[in-house]
1. Could you pull out the GluC sites (Glu not before Pro) across the range 222-282 that fall in loop regions by DSSP (anything but H, G, I, E, B) with no more than 13 other Cβ atoms inside 10 Å?
2. For n ≥ 4 DSSP H runs only, could you compute -39500 (n - 2.57) per run for the chain, divide by its residues and tell me the 222 nm figure to the nearest 500?
3. Is the C-alpha gyration tensor of the range 4-299 telling us rounded, prolate or oblate? Criteria: a/c under 1.5 is rounded; beyond that, a/b larger than b/c is prolate, otherwise oblate.
4. Do you know the relative contact order of the chain, to the nearest whole percent, from alpha carbon pairs under 8 angstrom that are 6+ apart?
5. Just to be sure I understand: with springs between alpha-carbon atoms less than 10 Å apart, which residue in Leu330, Leu77, Leu145 has the highest mean-square fluctuation in the Gaussian network model of the chain?
6. Once you put a point 7 Å from the Cα of Gln62 and another 7 Å from the Cα of Gln354, both along the Cβ direction, what distance in nm separates them?
7. Between Cys337 and Val50, 0.36 nm times their residue separation minus their Cα-Cα distance comes to what?
8. May I ask which residue of Leu275, Ala186, Gly202 lies farthest towards the positive end of the charge dipole of the range 178-317, with charges of +1 (Lys, Arg) and -1 (Asp, Glu) on Cβ and the Cα centre as origin?
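Only the coordinates and a few stated rules stand behind these numbers; no lab work does. None of these values were measured; they are calculated from a predicted model. So basically every Cβ, Gly included, is an ideal-geometry build from the backbone, and we count neighbours across all protein chains shown.
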Amino acid sequence: MRSSYMRILLLEGAMLAMSFQLIAQPVRCAAASRIEPPQFSYGNLNMRNVQHFALVFHILYQDSSERLPDARIIGQLQVLNDVFNSPASISQHIPEEFRKLKSPAPFRFCLASIDPNGNPTTGILYKAIGDPGIACRRENGRRSLMSSSLGGQDPWDPVRYINVYVVNRDRCPAPGEAIFPWDANAEEDGIILDHRAVGYSGDTGKNAPFNLGLTLVHEMGHYFGLLHLSENLRDCTGDDLVDDTPAQGREYFGCPEGKQFSCGSSDMFMNYMSLADDNCLQLFTTGQVNRMRSVIEDYRPTLASQCPLLEPGGVFDEIGWAYDGAYWLLSGKEGSCWQARVDLFDSTGKLLWQAPSDCYGHLLIPDPHSGFPGGIYYAKIYNDQHLRTLKLINR
Ligand SMILES: [Zn+2]
């Protein structure tokens, strides 16, 4: 057993090697555990019990390219939910030898709808920053990014919210990083992403190869206690503490073709906890899902069930909108009724107007003044089963 101190030295050595490699090959992740990661022996976990987690995005930007629109964040949420809930049967791209190991993780993610003070929120916060150096700076042992007094933004209560920070990480070793649950505290917890790695941008230029939204999937794995399969070691002594992932003596970049071997076995380089490109990654294993469930139970026990609003769908999907210069008309299919509350936000996330819970066939969102100023607005339509956010535009 290596000592914790030894592990940190080894990891920091690996990190140096990773940042050096960045010159030739982009490296996804800079997560590093400060202490020896804990091992778990798994009990009978109830896999049918879906857990819901609320995310808050802190977007710290210098210019408009870094100030990601809500649509990118909502798209990222979709990727996260699709990947974690992907049924084991969708496995045609996974090498046959690993197909039976794939497991969905019964987690659902939503944007926070209530802030720590009990007020409605879009779950997406924007803050202009003057100093790009705060992305990776530490002052007195604290991450500047996660501290309002150091130029960043304090996380929301991390026992209730998953805090995701989005910033330009050009000066950091890698686009993604997560704080392991055993290293987290009330002041520092969450995930940090480079703005280019957020969401399904599909951009094959500056955002490639991390352009399909999988950096957050990988970092969420760390946030729930998963490790790299190689544990950043090259001598096959690295152990990710999961039984059904093969030992791996190296990390993979790009997307290798065909089988790859190390440590006497075929490597699972297409695992979400690999450093390979977004278009290469295909699965979490049952062992990894069990480890995440155990870590959540032990380290993040109050985090689940923070999504009062569940999934899109149902009659909400039929609602359309029109603007006539003074109000918006939201209308469903003729004769249908949607039982909902409606909140109207401006593009900064400020709540402008609310409609009480009722059964609506159509709903007017009136402006008491002379029409809404030109711009983008969001109507959040929700009840205890469904949520839909409509983007409303007044040109
Ligand atoms: Zn990683």
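1. On the way: sites: Glu231, Glu251, Glu257; in loops: Glu231, Glu251, Glu257.
Passing sites in the range 222-282 are Glu257.
2. Numbers: 5 runs with 61 residues, N = 395.
Rounded to the nearest 500, the figure is -5000 deg cm²/dmol.
3. Values: a/c = 1.43, a/b = 1.29, b/c = 1.10.
Judged from the Cα gyration tensor, the range 4-299 comes out rounded (a/c under 1.5).
4. Details: 828 pairs, mean separation 61.7, N = 395.
Contact order relative to length: 16 percent.
5. Among Leu330, Leu77, Leu145, the largest GNM mean-square fluctuation belongs to Leu330.
6. 3.9 nm
7. Working: separation 287, 0.36 × 287 = 103.32 nm, distance 2.86 nm.
Result for the pair: 100.5 nm of gain on full extension.
8. About the Cα centre, the residue reaching furthest to the positive side is Gly202.
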